[in-house]
Amino acid sequence: MRALPFRLPAGILLLAGFAAAQAPDPAARVQALEQRLAAQRHLLADFGGLIRYGSENADIGPPKPGELRVVFLGDQVTELWGQGSAKFFPGRPFLNRGIAGQTSAQMLVRLHQDVVALKPKVVVIQAGVNDLLVATEGVIAENYMSMMDIAKANGIRVVLASVTPVCDCYTRQTGLRPQGKIISLNGWIKDFAASSGAVYLNYYSALADGRNFKQELTNDGLLPNDAGYGVMAPLAEKAIAEALKK
């Protein structure tokens with residue numbers, strides 16, 4: 001498996017310079033620079049985000065007899081689910097393990113801690129929206145295949161969720177995440193799910209109008225709003241039920 005390319009000095013200087021340029025005065029520019037550098041140091045120290053759920057995972061015991069535990073592994077689309085009025089599967093033994101900004105490479109790093117160690121029956125993997133910013137489809141594919149191999153080796157059934165759509169309804173999103181690339185990646189995820197025995201969870205078709213995120217289901221053109229999560233929830237439950245039958 002190839003690691004995603006990571007060029008620290010150039011990345012830090014570029015992002016720090018952008019943040020500083022946006023700040024209105026010298027003190028604010030220094031503060032913006034320090035915040036950005038702190039974020040980069042944190043990324044280097046904990047690339048996979050293992051700190052985020054480490055303590056919480058330690059407090060969770062093994063599944064009870066008959067418990068159909070499910071882990072949702074993902075990025076900001078998963079993490080924000082349940083933070084508004086659209087609750088995250090209340091009353092169900094479903095665990096949210098989303099971390100905003102993560103790529104499939106980072107999810108692969110924390111797959112053992114945040115999924116395998118929790119002994120779920122099913123994992124729902126939702127990735128790709130951030131991979132489009134930094135990785136080729138070939139690298140993304142390798143990460144998916146590695147996650148699939150690890151899950152299978154541990155008797156965990158897999159649901160692979162599509163990348164959700166974007167639109168320029170509020171702010172420009174398609175420049176960073178071209179809609180054609182999203183469609184192409186979703187096609188690969190769907191085919192890989194079919195060939196590997198996973199279940200394909202098609203959020204995209206339910207959330208999109210043509211190639212655009214339905215405006216009533218997003219507040220920024222990138223992330224689902226409460227209504228969007230309301231559309232996604234029954235689709236996820238149906239896919240999980242299908243995976244449990246395999």
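The values are calculated or read from the model by the stated rules, or taken from the named source; none is laboratory data. This is a predicted model, so every value here is computed, not measured. Heads up, the Cβs are rebuilt from the backbone with ideal geometry, glycines too, and the neighbour counts pull from every protein chain shown.
Is it the case that segment 142-150 has a residue that's within 24 Å of Gly187 (Cβ to Cβ) and in a loop (DSSP other than H, G, I, E, B)? Spell out the reasoning first.
As a first pass, look at segment 142-150 and keep what is within 24 Å of Gly187 (Cβ to Cβ): 142-150.
In the following step, the residues that additionally are in a loop (DSSP other than H, G, I, E, B) were identified as none.
Checked against the condition, which is being within 24 Å of Gly187 (Cβ to Cβ) and in a loop (DSSP other than H, G, I, E, B), segment 142-150 yields no hits at all.
When you scan segment 102-143, how many residues do you find that are surrounded by fewer than 21 Cβ atoms within 10 Å (Cβ to Cβ) and at positive phi?
1
Could we say that Gly84 is closer than 17 Å to Gly228 by Cβ and buried (at least 17 other Cβ atoms within 10 Å of the Cβ) here? Break it down into steps so the answer makes sense when it comes.
Numbers: closer than 17 Å to Gly228 by Cβ: yes; buried (at least 17 other Cβ atoms within 10 Å of the Cβ): no.
Considered against the rule, which asks whether it is closer than 17 Å to Gly228 by Cβ and buried (at least 17 other Cβ atoms within 10 Å of the Cβ), Gly84 comes out as no.
Can you say whether Ser162 is polar (S, T, N, Q), surrounded by fewer than 18 Cβ atoms within 10 Å (Cβ to Cβ), within 30 Å of Lys245 (Cα to Cα) and assigned by TED's automatic domain parsing to the domain that holds Gly210, as far as the supplied structure shows? Before you say what the answer is, go through the steps one by one.
On the way: polar (S, T, N, Q): yes; surrounded by fewer than 18 Cβ atoms within 10 Å (Cβ to Cβ): no; within 30 Å of Lys245 (Cα to Cα): yes; assigned by TED's automatic domain parsing to the domain that holds Gly210: yes.
So Ser162 does not fit the description; no.
Determine which single condition His112 fails, assuming it passes every other condition in (1) more than 15 Å from Val71 (Cβ to Cβ); (2) part of a helix (DSSP H, G or I); (3) free of Cβ contacts under 8 Å to residues at least 40 places away in the same chain.
Status for His112: all satisfied but (1).
For segment 161-179, state whether one or more residues are touching a helix residue (DSSP H, G or I) at 6+ places or on another chain (Cβ under 8 Å) and within 16 Å of Val122 (Cα to Cα). Spell out how you get there, then give the answer.
Initially, segment 161-179 is screened for residues touching a helix residue (DSSP H, G or I) at 6+ places or on another chain (Cβ under 8 Å), giving 161-167, 169, 176-178.
So of that shortlist, the ones also within 16 Å of Val122 (Cα to Cα) come out as 161.
The answer is yes; a qualifying residue exists.
Filter segment 115-138 down to residues that are part of a strand (DSSP E or B), under 12 Å from Arg97 (Cα atoms) and among the aliphatic types (A, V, I, L, M) and give me whichever is farthest from the chain's Cα centre (by Cα).
Let us first name the residues in segment 115-138 that are part of a strand (DSSP E or B), namely 122-126.
Add one more test, that the residue is under 12 Å from Arg97 (Cα atoms), and what stays is 123-126.
Now restrict to residues that are among the aliphatic types (A, V, I, L, M): 123-125.
On the way: Val123: 12, Val124: 10, Ile125: 7 Å.
Per the stated criteria, the residue is Val123.
Would it be correct to say that Ala86 is out of contact with any strand residue (DSSP E or B) (no Cβ under 8 Å at 6 or more places or on another chain), modelled with pLDDT of 95 or more and assigned by TED's automatic domain parsing to the domain that holds Val166? Break it down stepwise before answering.
Working: out of contact with any strand residue (DSSP E or B) (no Cβ under 8 Å at 6 or more places or on another chain): yes; modelled with pLDDT of 95 or more: no; assigned by TED's automatic domain parsing to the domain that holds Val166: yes.
Against the criterion (out of contact with any strand residue (DSSP E or B) (no Cβ under 8 Å at 6 or more places or on another chain), modelled with pLDDT of 95 or more and assigned by TED's automatic domain parsing to the domain that holds Val166), Ala86 does not qualify.
Exactly one condition in (1) surrounded by 14 or more Cβ atoms within 10 Å (Cβ to Cβ); (2) of a type in the set (A, V, I, L, M); (3) closer than 21 Å to Ala100 by Cβ is false for Met148; which is it?
Only one criterion in (1) surrounded by 14 or more Cβ atoms within 10 Å (Cβ to Cβ); (2) of a type in the set (A, V, I, L, M); (3) closer than 21 Å to Ala100 by Cβ is unmet by Met148, namely (3).
I'd like to check something: does segment 154-177 contain any residue that is modelled with pLDDT under 95, acidic (Asp, Glu) and closer than 28 Å to Asp220 by Cβ?
Within segment 154-177, none of the residues are modelled with pLDDT under 95, acidic (Asp, Glu) and closer than 28 Å to Asp220 by Cβ.
Output the qualifying pairs, or none if there are none: Cβ atoms under 8 angstrom, residues six or more apart or on different chains, first residue in segment 194-218 and under 10 Å from Met232 (Cα atoms), second residue hydroxyl-bearing (Ser, Thr, Tyr) and outside any helix (DSSP H, G or I).
Close Cβ pairs satisfying both conditions: Leu201/Ser162; Asn202/Ser162; Tyr203/Ser162; Tyr203/Thr164; Tyr204/Ser162; Tyr204/Thr164; Leu207/Thr164; Leu207/Thr218.
Here is a yes/no grid of residues against (1) part of a loop (DSSP other than H, G, I, E, B); (2) among the hydrophobic types (A, V, I, L, M, F, W, C); (3) buried (at least 17 other Cβ atoms within 10 Å of the Cβ):
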{"site": "Leu185", "(1), (2), (3)": "no, yes, yes"}
{"site": "Ile189", "(1), (2), (3)": "no, yes, yes"}
{"site": "Ala194", "(1), (2), (3)": "no, yes, no"}
{"site": "Ser205", "(1), (2), (3)": "no, no, no"}
{"site": "Asp220", "(1), (2), (3)": "yes, no, no"}
{"site": "Gly228", "(1), (2), (3)": "no, no, yes"}
{"site": "Lys238", "(1), (2), (3)": "no, no, no"}
{"site": "Ala241", "(1), (2), (3)": "no, yes, no"}
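Within segment 29-78, which residues are modelled with pLDDT of 95 or more, part of a loop (DSSP other than H, G, I, E, B) and under 13 Å from Gln102 (Cα atoms)?
Asp75
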